[in-house]
Structures are given as structure tokens and as C-alpha cells.
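First the structure, in the form of C-alpha cells, and then the observations on it.
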Amino acid sequence: MRPVLRPLRPEDLGWVVAAHGRIYTAEYGWDPSFEALVAGIVRDVAAGFDPARECAWIAELEGAPVGSAFLVRGPDAETAKLRLVIVDPQARGLGLGRTLARACEDFARAQGYSRITLWTHSVLLAARALYASEGYRLVASAPHHSFGHDLVEETWEKDLTAPRTA
């Protein structure tokens, strides 16, 4: 069966939080503070979601959620933020990360945003490779201690004023 994207439904919020906690604990050994961070992001999105300026997608495989991506308002009217992109290990290799990121980008372009930013970590090699292949540029990085580990956080940005490549 092929995966499908659909808009976020209220019952998906808990799945997004739990999936992030489960996957990042299993793959990177991150502690519960990461799941708490994700819960805060989800809470903030749910409390102030503006469908005219924001979108959220769930990828499903055989009727079960296997991925997510959110696009939320950034610090100014020109900037959107890509958040909570995740693909369950059982659904990797199907191009869902790219599909989710592009769905958010398409929405951002349609709403007139001129850039998308995102926050990630240097250890997330597959995510970084995806973002680079989609035209995002690394614009800042800094070491920090979070989620029980010494990490390097990264900010990436994509200019939406140019046509999409590939």
C-alpha cells in the first residue's frame, strides 16, 4: 500500500509527541526532556493554529500514522518555520520526509512566505541530507547540552523567492 498525506486531526497530536519520544530515545538515546519539548511545541501549535498561515500533515501507511510535518508562522510575516518532521522507521525509504517537507513548502509558497527556517541537530544525518537536497542552507550552529547529550544545534533556511529546484 502507498502512503498518503492528510491534514492533521486532533487525535494526531498525542501520536506526534509519542512518536518523537519513542524514535529519538531508541535511535539517539535522548532523555524525556526532548519529548517534553515536542509536547510544548504541539501545545503551542494547537493553542494558536491559524489555518490561513499554518499547516500540519500526517503521513499514513495502511491507515496508521507514520510521519508528520508542521509549518508554522515564524518571527515575522515573511518567515515560516518547518517543525516536527518525523518518519517512523517502518516507513523510511518511501520518500515520506521529502513529501512532507515539500507539502509544507508548497503551502508556504501559496501563502506568500519568502523563507522557511528550521531547527535541527548535526547528529540527524538523514534529515540534514534531505534539507540540503531540498535547497536549505545551514545559517547557524552552536554547541549545547540538551536531552542528556552534548549536541550541536543548527538553523537552516530556504529562500522561497526562487523557483523550487528538482
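At-a-glance table
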item	result
Relative contact order for the chain, counting Cα pairs under 8 Å that sit 6 or more residues apart, in percent	19
Shape call, the range 1-87: gyration tensor on alpha carbons, a/c limit 1.5	oblate
Cα-projected label distance for Ala132 with Ser114, points at 7 Å along beta-carbon direction, nm	2.8
Rounded accessible area of Leu8 (nearest 10 Å², 1.4 Å probe)	50
Cα→Cβ-extended label distance, 7 Å offset, between Thr25 and Gln90, nm	1.8
Förster radius 22 Å - calculated FRET efficiency between Phe49 and Leu125, Cβ distance, rounded to 0.05	0.10
Highest-MSF residue in the chain out of His121, His145, His20 [GNM, Cα springs under 10 Å]	His145
Cβ-Cβ FRET estimate between Glu78 and Ala142, R0 fixed at 35 Å, reported to 0.05	0.90
Integer Hz, Karplus 6.51/-1.76/1.60 couplings in order for the range 93-100, x for Gly and Pro	x, 9, x, 5, x, 5, 4, 5
Positive-pole candidate from Thr99, Ala64, Ile86, dipole of the range 27-110, charges at beta carbon	Thr99
Gain in span if fully extended, Ala162 to Arg9, counting 0.36 nm per residue against the direct Cα distance	51.9 nm
Fraction of accessible area attributable to carbon and sulfur, the chain (%, probe 1.4 Å)	57
The range 110-166 - Rg (one decimal) and Dmax (whole number), Cα, Å	13.0, 40
Largest-first ordering by accessible area, 1.4 Å probe, given options Phe107, Phe34	Phe107, Phe34
Semi-axis lengths (Å, descending) of the ellipsoid that matches the C-alpha gyration tensor of the chain	22, 20, 17
J(HN,Hα) series, the range 107-115, from Karplus relation 6.51 cos²θ - 1.76 cosθ + 1.60, nearest Hz, glycine and proline x	4, 4, 4, 5, 8, x, 5, 9, 7
Net charge dipole size for the range 1-142 [Lys, Arg +1 and Asp, Glu -1 on Cβ; Debye, nearest 20]	340
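The values are calculated or read from the model by the stated rules, or taken from the named source; none is laboratory data. No experiment lies behind these values; they were computed from the predicted model shown. Note that we place each Cβ from the backbone using ideal geometry, even for glycine, and neighbour counts take in every protein chain shown. For accessibility, only protein heavy atoms count, side chains too; no ligands or nucleic acids. Shrake-Rupley method; radii C 1.70, N 1.55, O 1.52, S 1.80 Å.
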